[in-house]
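A.B. asks: First the structure, which I've put down as structure tokens, then a few questions once you've had a look.
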Amino acid sequence: MNTHASVVVIGGGVMGAAIAYHLAAAGVRDVLLLERDALAAGSTSKAAGGVRAQFSDELNIQLGARSLEAFGRFGEEIGHDIGLHRVGYLFLLSTPQEVASFEAGVRLQNALGVPSRMIDPAEARRLSPLIRTDGLLAAAFSPDDGHCTPEAVDDPDEGGR
């Protein structure tokens, strides 16, 4: 048994597994991934599975956009379907402060290549017919966002559920 590793990654959730994978792909030969339970048994398995690039700060927008790209290639690159559905992400806004905040976020997202946009309540209702528009001032939407099966990203045996 090896008693040395160049890199030790603690946590076998989606982030830890991705870090270990990319280190190995970059040529690091002795990467050790430590997980106290089964892969993806922690917060990854409890996640709702939303994947998006609609954030208010540049770093999270870029991380979200790169994640969406990686998830889009996941089946081809890793050979496993994670159930990615790019159906969009809709934020409903009911206060002037929320609208102003999301307008600024959408401007930054657009500057970074994310195709998000502000929409009116009627368009939000067309996109999601079950919502109520009473008190709704606006919404923010990005068609590239969506959802996947979180535990399938880490554990091939969990895919397709």
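The values are calculated or read from the model by the stated rules, or taken from the named source; none is laboratory data. Just so we're clear, the structure is a prediction, and the values are computed from it rather than from any experiment. Neighbour counts are summed over all protein chains in view; Cβ atoms, including those assigned to glycine, are modelled from backbone coordinates with ideal geometry. Side chains are part of the model used for accessible areas, which takes the heavy atoms of the whole protein and leaves out ligands, DNA and RNA. Shrake-Rupley method; radii C 1.70, N 1.55, O 1.52, S 1.80 Å.
A.B. asks: Filter the trypsin sites (Lys or Arg not before Pro) in the stretch 122-152 down to the DSSP loop ones having no more than 16 other Cβ atoms within 10 Å, then list what survives.
C.D. replies: Passing sites in the stretch 122-152 are 132.
A.B. asks: Also, quick follow-up: How many angstrom separate the Cα center of the stretch 63-122 from the Cα center of the stretch 1-28?
C.D. replies: 29 Å
A.B. asks: Need one number: nm distance between label points at residue 60 and residue 87, each 7 Å from Cα along Cα→Cβ, rounded to one decimal.
C.D. replies: 2.3 nm
A.B. asks: For the chain, which DSSP H helices look membrane-span-like by this rule: Cα extent along the axis of 30 Å or more and mean Kyte-Doolittle of at least -0.5?
C.D. replies: What comes out of the filter, once short or polar helices are dropped, is none.
A.B. asks: Same structure, new question: Roughly how much of residue 101 is accessible, in Å² to the nearest 10, using a 1.4 Å probe?
C.D. replies: Near enough 70 Å² of accessible area.
A.B. asks: Taking every eigenvalue of the Cα gyration tensor of the chain, multiplying by 5 and rooting it, what semi-axes result, largest first, whole Å?
C.D. replies: After scaling each eigenvalue by five and taking roots: 36, 17, 14 Å.
A.B. asks: Using only alpha carbon positions, build the gyration tensor of the stretch 32-71, then give the equivalent ellipsoid semi-axes as the square roots of 5 times its eigenvalues, largest first, whole angstrom.
C.D. replies: Those come to 25, 12, 9 Å.
A.B. asks: Report the extension gain between residue 77 and residue 29 in nm, rounded to one decimal, defined as 0.36 nm multiplied by the number of residues separating them, less their alpha carbon distance.
C.D. replies: Extending this stretch completely gives an extra 15.3 nm.
A.B. asks: So, with +1 on the Cβ of K and R and -1 on the Cβ of D and E, and no other charges, what is the size of the charge dipole of the chain about its Cα centre, to the nearest 20 debye?
C.D. replies: Working: 13 positive and 21 negative charges, 61 e Å.
Dipole magnitude for the chain comes out near 300 debye.
A.B. asks: How about the stretch 18-69: which trypsin sites (Lys or Arg not before Pro) there lie in a loop by DSSP and see at most 14 other Cβ atoms within 10 Å?
C.D. replies: When the trypsin sites (Lys or Arg not before Pro) of the stretch 18-69 are filtered for loop state and at most 14 Cβ neighbours within 10 Å, 29, 36 remain.
A.B. asks: If the viscosity is 0.692 mPa s and the temperature 37 °C, what Stokes-Einstein diffusion coefficient in µm²/s follows for the stretch 30-99 when Rh is the Kirkwood radius over Cα pairs?
C.D. replies: Values: Rh = 15.0 Å.
In µm²/s, the coefficient is 219.
A.B. asks: Could you do me a favour and compute the accessible area per residue for the stretch 1-159, 1.4 Å probe, result in Å²?
C.D. replies: Result: 61 Å² per residue.
A.B. asks: Return the long-range amide H neighbours of residue 138 (sequence gap of 5 or more, or a different chain), with a cut-off of under 5 Å between placed amide H atoms.
C.D. replies: When sequence neighbours closer than 5 places are left aside, the close amide H contacts are 93.
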